[in-house]
Amino acid sequence: MSTARTLRVPGRHGYAAEFSPYLPGRLACAAAQHYGIAGCGTLLILDHNESGLRIFRSFDWNDGLFDVTWSENNEHVLVTCSGDGSLQLWDTAKAAGPLQVYKEHTQEVYSVDWSQTRGEQLVVSGSWDQTVKVWDPTVGKSLCTFRGHESVIYSTIWSPHIPGCFASASGDQTLRIWDLKASGVRIVIPAHQTEILSCDWCKYNENLLVTGAVDCSLRGWDLRNVRQPVFELLGHTYAIRRVKFSPFHASVLASCSYDFTVRFWNFSKPDPLLETVEHHTEFTCGLDLSLQSPTQVADCSWDETIKIYDPACLTIPA
């Protein structure tokens, strides 16, 4: 693995990292003081080059920030979500912010995602209040609220293929597929027998999703037949906090965990674990794979560091 470029952010515990879809060297990180239990939050905008990682801009919020998503139609705009139940819209071209605050959820908002399909500019949020909300960022209030989960919602993600379709993962042990047009749930998958902390949608297959759970397993789900997972990946030793499919390899994904590691997998291989990266000393919560570079990965941890690196398994053909 190439040497990681590391930025230490004292007193800030990283929850989420996301590469800009526009600017090759830009990364956003959502962080919180005191492990998100108390104190404020910070949105960090980082730039990286050969000399390392530097802070381009940082914004503070009065509660912990748990997730971040970049706009798909404006390179300066992002949305974060917070422990106070609100979403915040920021503009990196402006020194102060936020531009707008959306406050409807009644408990922590743990997940936020900007829609991926053309012609749609919508944001989905998932909360501990057991609801999912869909927002048009140009409108001050949510377009609709989806109910059905019976516990906290940890993860919400738009389909990169199907307009108006998104998935959610919850402490109620289910993965759910929702349809904006139908205004309700399409599929309920009892995906694990423990809390599900993360889900992601394959960039190459509109029917394939992955879940990561407290049982330390990753499971792949084909929406055409959800009775059994199409793959199960074992190796993590504590709860899986986040999982991301590769934008470049159809059968490669990455996961990070409370076991402090990041692992890379190819679920099409008999021996699927490609690499284990052990460069954090605390819970690893944030993870993203670059949309511009096939080898570049970013992560962040409760050890107060953000890292960008090129794991060996991605620098050779998967």
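The values are calculated or read from the model by the stated rules, or taken from the named source; none is laboratory data. Computed from a predicted structure; not experimentally measured. All Cβ positions, glycine included, derive from the backbone under ideal geometry; neighbour counts span all protein chains shown.
Would you tally the residues in the stretch 67-93 being in a strand (DSSP E or B), out of contact with any His (no Cβ under 9 Å at 6 or more places or on another chain) and within 19 Å of CYS300 (Cα to Cα)?
The number of residues fulfilling the criteria is 8.
Go through the stretch 1-25 and give me each residue that's assigned to a strand (DSSP E or B), farther than 12 Å from ASP299 by Cβ and of a type in the set (D, E, K, R).
If the condition is that a residue be assigned to a strand (DSSP E or B), farther than 12 Å from ASP299 by Cβ and of a type in the set (D, E, K, R), then ARG8 is the only one that fits.
In the stretch 269-281, which residues are surrounded by fewer than 22 Cβ atoms within 10 Å (Cβ to Cβ) and in contact (Cβ under 8 Å) with a residue 60 or more places away in the chain?
Hits for the stretch 269-281 are GLU275, HIS279.
Would you tally the residues in the stretch 76-120 being modelled with pLDDT under 95 and either closer than 23 Å to ALA167 by Cβ or not aliphatic (A, V, I, L, M) (or both)?
Residues meeting the conditions: 7.
Yes or no: the stretch 51-66 includes at least one residue that is assigned to a loop (DSSP other than H, G, I, E, B) and within 20 Å of the chain's Cα centre (by Cα).
yes
Residues are listed down the side, and each one gets a yes or a no for (1) over 15 Å from LEU287 (Cα atoms); (2) surrounded by 19 or more Cβ atoms within 10 Å (Cβ to Cβ):
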site: ARG8; (1), (2): yes, no
site: ARG12; (1), (2): yes, yes
site: TYR22; (1), (2): yes, no
site: CYS40; (1), (2): yes, no
site: SER51; (1), (2): yes, no
site: PHE56; (1), (2): yes, no
site: ASP60; (1), (2): yes, no
site: ASP67; (1), (2): no, yes
